[in-house]
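Novice: I am attaching a structure below and will ask some questions about it afterwards.
The values are calculated or read from the model by the stated rules, or taken from the named source; none is laboratory data. Being a predicted model, the structure only gives us computed values, none of them experimental. In this analysis, Cβ positions are derived from the backbone assuming ideal geometry, glycine residues included, and neighbour counts consider all displayed protein chains.
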Amino acid sequence: MFTFRHPVQIRFGEGVISQINEIIEAEGYSRVVVVAATSQMENGVIEFINTQLGDSVKEIVSGIEANPTLENVETIVEAMDAHDAHAVIAVGGGSAMDAAKAAAAAYMQGIEVQNLLEHDDFTKALPIIAVPSTSGSASEVTASSIISDKQHGLKVPLIGPALYPKTAIVDPELTLTCPERVTAISGIDILCHALDCLGAVKHNPISDALAIRASKLAFENLLTAYQEPSNREARTNLSLASMTAGLAFSQTGTSGSHAMSYYLTTQYDVPHGEACAFSMDAWYAINAKANPELEQHAKDIGFADAEALSEALNTLKRQMGLAVTFEDLGISREDIPKIAEKSLRPANMKNNIAQLSQDEIIEMLERK
Ligand SMILES: [Zn+2]
């Protein structure tokens with residue numbers, strides 16, 4: 001038994017960003033706040049949107065940090081409040097979209113931003129129009145937002161139906177200017193989302209189908225997009241892979257690789273995608289032993305078996321300069337027990353098919 005519900009209207013394709021005016025007008029939004037990643041301020045995309053929307057754009061909030069903070073959210077809420085906003089348009093990677101989503105809920109529900117991370121009741125939000133400029137986070141089609149509290153050293157996932165954007169405008173052209181390293185780090189996250197779904201307790205036949213498709217597209221196109229940034233076919237397929245993986249994990253949640261990544265990011269500053277990918281190969285192989293269906297999924301993705309898929313993932317990481325070993329990460333092996341202990345804490349570790357003990361996780365990490 002399972003349910004599948006997805007409320008986001010998706011507009012996908014090269015050039016689809018030019019429909020933004022039509023979307024805003026159809027909804028009657030005459031006062032919008034734009035949340036923009038710095039890169040999008042610089043490459044002309046925000047200027048394009050501003051020209052398209054004219055007087056409807058009341059304020060542009062930029063300078064969102066890579067791990068968006070409560071302060072970033074507060075700035076956006078203040079802008080929404082000052083202009084009595086009808087909607088928020090978020091243009092950028094996961095950071096800009098996550099910050100806008102959190103602000104949209106805080107604003108509509110009257111939640112004090114400093115208390116935001118204690119809430120799990122996100123039922124109302126200002127309409128969000130999400131425009132991703134990278135392929136990876138898939139925040140445009142998920143009901144989650146990850147916000148950091150710098151003061152207390154916390155990174156907390158907020159989850160609730162109101163955090164789904166109303167509309168996702170997925171235009172692969174916006175990813176053409178995405179730098180090499182960002183393409184690698186966010187692109188490998190696509191595979192971690194899709195493969196985490198296949199290894200999730202909450203997986204279902206629809207999420208499996210989406211995750212297999214997303215994995216195949218990402219394996220076939222990520223290296224090309226990394227090596228040839230202006231390859232439109234690879235960029236389009238990667239945008240599709242990212243969104244498709246997002247549709248899958250919006251239903252299942254993530255599992256082992258994501259649970260293990262949070263401590264690597266908060267303690268050692270390993271970027272999100274690289275931190276997830278660090279253990280993804282091991283989790284897939286381990287999960288395939290717990291659920292033999294993953295062997296068949298590996299074949300459907302294009303590999304001989306789960307082991308071969310894990311190997312291919314590591315090869316891809318090496319080809320894009322991402323960490324495969326603790327030495328690559330610059331983390332001492334003496335920290336392995338602590339990392340294992342911290343990996344067991346996040347709630348999504350319970351969503352992993354193979355339930356490992358701390359000792360088994362240590363053993364897994366010692367092979368890295
Ligand atoms: Zn991720």
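Novice: Among Ile301, Ile331, Ile361, Ile339, which is at pLDDT 95 or above, surrounded by 15 or more Cβ atoms within 10 Å (Cβ to Cβ), of a type in the set (Val, Ile, Thr) and more than 28 Å from Val156 (Cα to Cα)?
Specialist: On the way: Ile331 fails: more than 28 Å from Val156 (Cα to Cα); Ile361 fails: more than 28 Å from Val156 (Cα to Cα); Ile339 fails: more than 28 Å from Val156 (Cα to Cα).
Only one candidate passes the filter, namely Ile301.
Residue-wise test of (1) without any contact (Cβ under 8 Å) to a residue 40 or more places away in the chain; (2) within 14 Å of the ligand (Cβ to nearest atom); (3) hydroxyl-bearing (Ser, Thr, Tyr).
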| residue | (1), (2), (3) |
| --- | --- |
| Phe122 | no, no, no |
| Ile129 | no, no, no |
| Thr134 | no, yes, yes |
| Ser137 | no, yes, yes |
| Asp149 | no, no, no |
| His152 | yes, no, no |
| Lys155 | no, yes, no |
| Leu158 | no, no, no |
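Novice: Just checking: which of the helices (runs of 4 or more DSSP H) contained wholly in the range 241-341 hold 3 or more residues that are under 25 Å from Ala209 (Cα atoms) and of a type outside the set (Lys, Arg)? Full working, then the answer.
Specialist: Working: elements: 256-268, 272-290, 293-301, 306-319, 326-329.
Fully inside the range 241-341 and qualifying: 256-268, 272-290, 293-301, 306-319.
Novice: Which members of the range 269-316 meet the condition of being of a type in the set (Val, Ile, Thr) and within 16 Å of the ligand (Cβ to nearest atom)? Before the answer, list the steps.
Specialist: Taking the range 269-316 and keeping what is of a type in the set (Val, Ile, Thr), we get 270, 286, 301, 315.
The answer is Val270, and nothing else.
Novice: Within the range 1-103, considering only helices (runs of 4 or more DSSP H) that don't extend past its boundaries, which have at least 3 residues that are under 21 Å from Ala125 (Cα atoms)?
Specialist: In the range 1-103, 20-27, 70-83 are the helices (runs of 4 or more DSSP H) which contain 3 or more residues that are under 21 Å from Ala125 (Cα atoms).
Novice: Answer with yes or no whether Asp196 is surrounded by 23 or more Cβ atoms within 10 Å (Cβ to Cβ), outside the structural domain of His86 (by TED's automatic domain parsing), closer than 20 Å to Ala102 by Cβ and among the charged types (D, E, K, R).
Specialist: On the way: surrounded by 23 or more Cβ atoms within 10 Å (Cβ to Cβ): yes; outside the structural domain of His86 (by TED's automatic domain parsing): yes; closer than 20 Å to Ala102 by Cβ: no; among the charged types (D, E, K, R): yes.
Taking the combined requirement at face value, the residue does not satisfy it.
Novice: For Thr266, only one of the following conditions fails: (1) surrounded by fewer than 21 Cβ atoms within 10 Å (Cβ to Cβ); (2) at pLDDT 95 or above; (3) within 16 Å of the ligand (Cβ to nearest atom). What is its number?
Specialist: (2)
Novice: Right, next: Tell me yes or no: at least one residue of the range 225-234 is surrounded by fewer than 23 Cβ atoms within 10 Å (Cβ to Cβ), within 16 Å of the ligand (Cβ to nearest atom) and part of a helix (DSSP H, G or I).
Specialist: No, because not a single residue in the range 225-234 is surrounded by fewer than 23 Cβ atoms within 10 Å (Cβ to Cβ), within 16 Å of the ligand (Cβ to nearest atom) and part of a helix (DSSP H, G or I).
Novice: Which of (1) touching a residue at least 24 places away in the same chain (Cβ under 8 Å); (2) more than 16 Å from the ligand (Cβ to nearest atom) does Ala209 not meet, given it meets every other one?
Specialist: Only one criterion in (1) touching a residue at least 24 places away in the same chain (Cβ under 8 Å); (2) more than 16 Å from the ligand (Cβ to nearest atom) is unmet by Ala209, namely (1).
Novice: Can you confirm whether the range 129-145 contains a residue that is among the acidic types (Asp, Glu) and either farther than 16 Å from Pro68 by Cα or surrounded by fewer than 20 Cβ atoms within 10 Å (Cβ to Cβ) (or both)? Spell out the reasoning first.
Specialist: First, the residues of the range 129-145 that are among the acidic types (Asp, Glu): 140.
Adding the requirement that they be either farther than 16 Å from Pro68 by Cα or surrounded by fewer than 20 Cβ atoms within 10 Å (Cβ to Cβ) (or both) leaves none.
No: zero hits.
Novice: I'd like to know if the range 290-308 contains one or more residues that are touching a Gly at 6+ places or on another chain (Cβ under 8 Å) and under 25 Å from Ala225 (Cα atoms).
Specialist: Scanning the range 290-308 turns up no residue that is touching a Gly at 6+ places or on another chain (Cβ under 8 Å) and under 25 Å from Ala225 (Cα atoms).
Novice: Here is a follow-up. For the range 24-46, give me each residue that is farther than 12 Å from Gly92 by Cβ and modelled with pLDDT of 95 or more.
Specialist: Taking the range 24-46 as the starting set, the residues that turn out to be farther than 12 Å from Gly92 by Cβ are 24-33, 44.
Answer for the range 24-46, where residues must be farther than 12 Å from Gly92 by Cβ and modelled with pLDDT of 95 or more: Ile24, Glu25, Ala26, Glu27, Gly28, Tyr29, Ser30, Arg31, Val32, Val33.
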